[in-house]
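Step one of this worksheet: look at the structure below.
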Amino acid sequence: MMSKTSSLPSLSSSAGLGATVHQFLEAYFANHQGALPCSGLYQTVLQEIEKPLIEITLKAVEGNQKKASEILGINRNTLRKKMQELGLKSGKS
């Protein structure tokens with residue numbers, strides 16, 4: 001019998017999140033054809049990853065911020081602050 005987690009994507013696999021981000025950034029810089037992109041790339045990338053991470057985690061726990069903060073490994077107040085910064089609703093999805 002196959003375990004439930006064996007079919008889940010791994011964040012540490014070679015085709016995981018890091019590899020996907022790496023591939024995207026390589027293409028992003030290539031599209032600038034030698035010119036440097038605008039400043040703020042670091043914050044932009046973090047926000048692009050952070051928003052779906054929080055949204056999907058909240059959805060998985062049916063909007064329970066305490067559970068979501070535990071899964072994410074952040075303080076519940078930090079989660080609330082991030083939700084406000086990212087324009088995420090606090091209710092269930």
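The values are calculated or read from the model by the stated rules, or taken from the named source; none is laboratory data. Remember, it's a predicted structure, so these values are computed and weren't measured experimentally. For neighbour counting, all protein chains shown are included, and Cβ atoms are generated from backbone atoms with ideal geometry for every residue, glycine included. For accessibility, only protein heavy atoms count, side chains too; no ligands or nucleic acids. Shrake-Rupley method; radii C 1.70, N 1.55, O 1.52, S 1.80 Å.
Against the numbered list (1) in a helix (DSSP H, G or I); (2) surrounded by 14 or more Cβ atoms within 10 Å (Cβ to Cβ), Leu88 comes up short only at (1).
Scan the range 47-81 for residues that are outside any loop (DSSP other than H, G, I, E, B) and among the hydrophobic types (A, V, I, L, M, F, W, C) and jot them down. The answer is Ile49, Leu53, Ile54, Ile56, Leu58, Ala60, Ala68, Ile71, Leu72, Leu79.
For first residues located in the range 40-61 and charged (D, E, K, R), partners that are assigned to a helix (DSSP H, G or I) and lie 6+ apart or on another chain with Cβ distances below 8 Å form the pairs Glu50/Lys82; Glu50/Leu86; Lys51/Leu86. Could you list, in sequence order, the residues of the range 25-43 that are open to solvent by 70 Å² or more (accessible area, probe 1.4 Å) and in a helix (DSSP H, G or I)? Hits for the range 25-43 are Glu26, Phe29, Asn31, Tyr42, Gln43.
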